[in-house]
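Input: a single structure, listed below in structure tokens.
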Amino acid sequence: MFRIKICGITTPADALLALSTGADALGLNFYAKSPRYVDPLKACEIATAAREQSPAAKLVGVFVNATAAEIVAQCRAASLDQVQLSGNESPELLAELAHSGIAPATIVRALRIGPGGESAALEYLETCRRLECLPGMLLWDAYDATQFGGTGRIADWDLAARWVEAGDIPPLALAGGLNAENVAKAIRTVRPAAVDTASGVESSPGVKDPDAVRSFVTAALSAFDNFSQGD
């Protein structure tokens with residue numbers, strides 16, 4: 001999986017910027033209603049540039065309520081490493097993707113847990129276990145009743161921390177309103193396996209701010225380093 005993902009990459013230049021700062025994953029958004037949407041041709045252009053600079057970087061396709069066929073086709077076209085499901089995808093869709101050759105271990109399932117939604121999320125994961133399609137990573141994002149991520153809202157860190165501490169779940173990537181000023185505190189609080197940001201490092205939707213990206217990655221790497229040393 002990844003440790004630091006810069007999501008909503010829309011140009012090769014922003015991809016190269018993110019990788020040059022030390023991020024190890026890029027998110028390419030294939031949801032047409034998102035301001036960070038990239039079409040298939042642009043995605044391939046970004047992927048080619050990223051591969052040339054950093055062959056080990058993870059390219060993550062972000063999908064919202066796409067069909068398994070659409071996801072598989074885009075993964076093949078842009079040689080994506082991972083799939084992030086950020087909509088209302090059922091466990092059965094994960095199972096269908098597995099049968100189509102996309103290993104569950106490469107799937108990142110976004111969770112936006114609102115009031116009273118914790119039990120539903122746990123039931124969802126249990127169904128995935130039963131169907132043998134448990135995702136390789138969870139993305140803990142802020143809840144919004146009408147939007148599928150990218151809102152800039154702060155996620156519930158305390159609840160996320162309890163999930164991490166309880167264990168028995170896939171590795172958790174923390175998202176939701178993260179920026180250079182709060183990412184270190186977020187890592188200390190939640191102890192996630194990874195962090196993910198989009199709006200927190202932008203000058204406008206879909207346009208990354210170089211200084212913000214560098215500051216975010218530097219702060220996250222430092223916090224993870226202190227975490228690994230037992231801070």
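Just so it is clear, none of the values below were taken in a lab; they were calculated from the coordinates. All of these numbers come straight from a predicted model, not from anything done at the bench. With ideal geometry, Cβ positions are generated from the backbone for all residues, glycine too; neighbour counts draw on all protein chains shown.
For the chain, modelled as a GNM whose springs connect Cα atoms under 10 angstrom apart, the maximal fluctuation among Ile169, Ile71, Ile46 occurs at Ile169. Rounded to the nearest 5, what % of the DSSP beta bridges within the chain are antiparallel ones? Antiparallel bridges: around 5 percent, rounded to the nearest 5.
Only four residue types carry charge here, +1 at the Cβ of Lys and Arg and -1 at the Cβ of Asp and Glu. Report the dipole size of the chain about the Cα centre in Debye, rounded to the nearest 20.
Dipole size: approximately 240 debye.
Could you compute the FRET efficiency for His99 and Asp225, with r as their C-beta to C-beta distance and R0 at 45 Å, rounded to 0.05?
Calculated transfer efficiency: 0.65.
Positive-end ranking of Met137, Cys75, Ala180 along the dipole of the stretch 60-228, with charges on Cβ about the Cα centre, is headed by Ala180.
Evaluated at q = 0.07, 0.09, 0.16, 0.18 Å⁻¹, the base-10 log of the normalised Debye intensity for the chain, with identical point scatterers placed on the Cα atoms, takes the values -0.19, -0.32, -1.11, -1.43. Could you tell me the calculated FRET efficiency between Thr218 and Leu159, based on Cβ-Cβ distance and R0 = 25 angstrom, to the nearest 0.05? The computed FRET efficiency comes out at 0.35.
Straight-distance candidates among the lysines for linking to Lys58, with alpha-carbon spacing under 22 Å and chain neighbours fewer than 8 residues away dropped: Lys5, Lys42, Lys208.
At q = 0.19, 0.20, 0.22 Å⁻¹, what log₁₀ I(q)/I(0) does the stretch 1-83 have when each alpha carbon counts as one equal point scatterer in the Debye sum? These q points yield log10 I(q)/I(0) values of -0.72, -0.80, -0.97.
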